[in-house]
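Right, one structure below, let's go through it.
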Amino acid sequence: ALGHLDLSVNKLGAEGAGRLAGVLGKCKTLAVLCLSINQIGPEGAGSLGGMLEKCSALRHLDLSGNQIGTKGTGRLAGVL
């Protein structure tokens, strides 16, 4: 089972974050997700927010260096 995933510095962008969120929402054992420096932005943060509701095991999420801003932070805070 997947417990730790580090995809830092991969230029995922908002589209990649959305696709990743669709897959990771099914991973019930994921405890650590590192997505730093991936150009995710506020739109990608919103996509990840939907995934967070389904990942009850997630204890650490690193989104540093993604310029998600207050809009993206608000989207994430709504589900935390």
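Observations, loosely collected:
- Residue check, residue 61 open to solvent by less than 30 Å² (accessible area, probe 1.4 Å) and either farther than 15 Å from residue 16 by Cβ or aliphatic (A, V, I, L, M) (or both): no
One line per residue, one yes/no per condition, for (1) assigned to a loop (DSSP other than H, G, I, E, B); (2) of a type in the set (S, T, N, Q):
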| position | (1), (2) |
| --- | --- |
| 2 | yes, no |
| 11 | yes, no |
| 26 | yes, no |
| 30 | yes, no |
| 39 | yes, yes |
| 46 | no, no |
| 57 | yes, no |
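- Count of region 1-45 residues, restricted to those that are open to solvent by less than 20 Å² (accessible area, probe 1.4 Å) and among the polar types (S, T, N, Q), is 2.
- Evaluation of residue 65 against (1) in a loop (DSSP other than H, G, I, E, B); (2) touching a strand residue (DSSP E or B) at 6+ places or on another chain (Cβ under 8 Å); (3) modelled with pLDDT of 95 or more (one fails), failing number: (2)
The values are calculated or read from the model by the stated rules, or taken from the named source; none is laboratory data. Being a predicted model, the structure only gives us computed values, none of them experimental. All Cβ positions, even for glycine, are placed from backbone atoms using ideal geometry, and neighbour counts span all protein chains on display. For the accessible areas, the whole protein counts, side chains as well, though only heavy atoms, and no ligand, DNA or RNA atoms are used. Shrake-Rupley method; radii C 1.70, N 1.55, O 1.52, S 1.80 Å.
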